[in-house]
Each structure stands twice: as structure tokens, then as C-alpha cells.
1. Roughly speaking, what is the stretch gain from Leu60 to Leu158, that is 0.36 nm per residue apart minus the C-alpha to C-alpha distance, in nm to one decimal?
2. Work out how much length Leu178 to Thr70 would gain on full extension: take 0.36 nm times their residue separation and subtract the Cα-Cα distance, in nm to one decimal.
3. At 0.36 nm per residue, and after removing the present C-alpha to C-alpha distance, how many nm does the segment from Glu125 to Thr145 gain when stretched out fully?
4. When the Karplus curve 6.51 cos²θ - 1.76 cosθ + 1.60 is applied with θ = phi - 60°, which whole-Hz ³J(HN,Hα) does each residue of the range 136-147 get, with x for Gly and Pro?
5. Treating the Cα atoms of the range 91-159 as identical point scatterers in vacuum, please give the log10 of the normalised Debye intensity I(q)/I(0) at q = 0.16, 0.25 Å⁻¹, two decimals.
Amino acid sequence: MATQSSSSRGKSVPAKPAPGRSAPGKPAARKAAMVDAARGTVRLPAAVRGHELLLLDNQLCFALYSASLTMTKVYKPLLGELGLTYPQYLVLLVLWERDDVTVSELGARLYLDSGTLTPLLKRLEAQGLVSRQRSAEDERQVLVTLTTAGLKLRQSALRVPEQLLCASRCTVAEITSLTGRLHELRAALALSVEEAG
């Protein structure tokens, strides 16, 4: 009969986790949240239950909000060299991608209502960067088109994304991945708003 070795005699041997299961303390056992998509319920781990749910630094919304504020501060001097504000820059990004669009299409792309967008377009028009005119096919629609100066400004704006990348201290792959995840988050939240409405 085999006898127990002196090195292991009197010592308890920890049980190995069953196949497919994570050992206690492993990252897989400490997921921030597990969502049951079918039931629409969220089960949080003990680490973030109770009062920790209301800690400011645990809020995704605040992380997004504060990051957005900080990013706008980074953009301000970069866009100032172009004579643009951040909202004006967003309008031009859409037009540089696809020129001659309607005001309604522009608003949908930027998630802006006409009350916010119209003053932006008026200022860009006053700067000689865009023009607005009624559509010949549908006079109810107003078309926004880049002027020669607006097209020319695109070349100067090419350095803005590069400077922002340097400021972020992230790689191109990291920025691309993060942007993709945020697009997914926005789509999921939009769907929740639509279903609730």
C-alpha cells in the first residue's frame, strides 16, 4: 500500500476547480457586471453593491462626461488656430466627408436639433466656409455646401487628429478600439431609449 509522503502529511491540498470554472480570485470571477439579455436584468458582483454603486468614480456617465470636457479643452487651442469652435469643426467634418447635404441630414448625423444647428451654420456662412440654399427639387429642404475656402481649410485640419492622438498617449489601435466600443454603447443606449419611449 502506498504511504503518504512526509512532505504532504498533515497538509490540506486545495481542490482544483472543475473544468470550465475559474478559480476563486481569478479575473473571470470578478466581472463588473453580468447582463442577462433575455430578461433585461443586471447582476452586480458584491464588490460594487451597496453604497459603492453611488460613488462618483464608479459612474460610467461621469467618466464619459469628464473625458468629453477634457477633450474639448485639448481641442480648443488646436481649433483656435483654424478659427473654429468644436461644434463648427464637427459640421465641417461631416461636409468634408460628404458635401452638399441637407440641414436635416446634417442634424441627424451630429445628433443636433435645428435650433442648435442653424446658428452654427450661420456663423460658418459668415466666415465664408459654407453656403446655404434651397433645394431645387424640394424647396422645403436647405442644402449646405462647402465653399472654396471651406474645402481649402480641410488641408490645414489634417494635423488636428494627429495632435489629439499625441495628447491621448494612446496607440492608433487603442483609439480605434475605444471609438468602436463607444459607438456600440451609443447604439445600445439609443435602443433602450427607443424601447422605453
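Any read-out appearing in this document is the output of simple, stated calculations on the displayed coordinates, not a laboratory observation. Everything quoted here is computed from the prediction, not taken from an experiment.
1. Gain in length upon complete extension: 32.2 nm.
2. 37.2 nm
3. Numbers: separation 20, 0.36 × 20 = 7.20 nm, distance 0.97 nm.
So the extension gain works out to 6.2 nm.
4. Result, ordered by residue: 5, 7, 8, 5, 6, 9, 10, 8, 10, 10, 6, 8 Hz.
5. -0.51, -1.19
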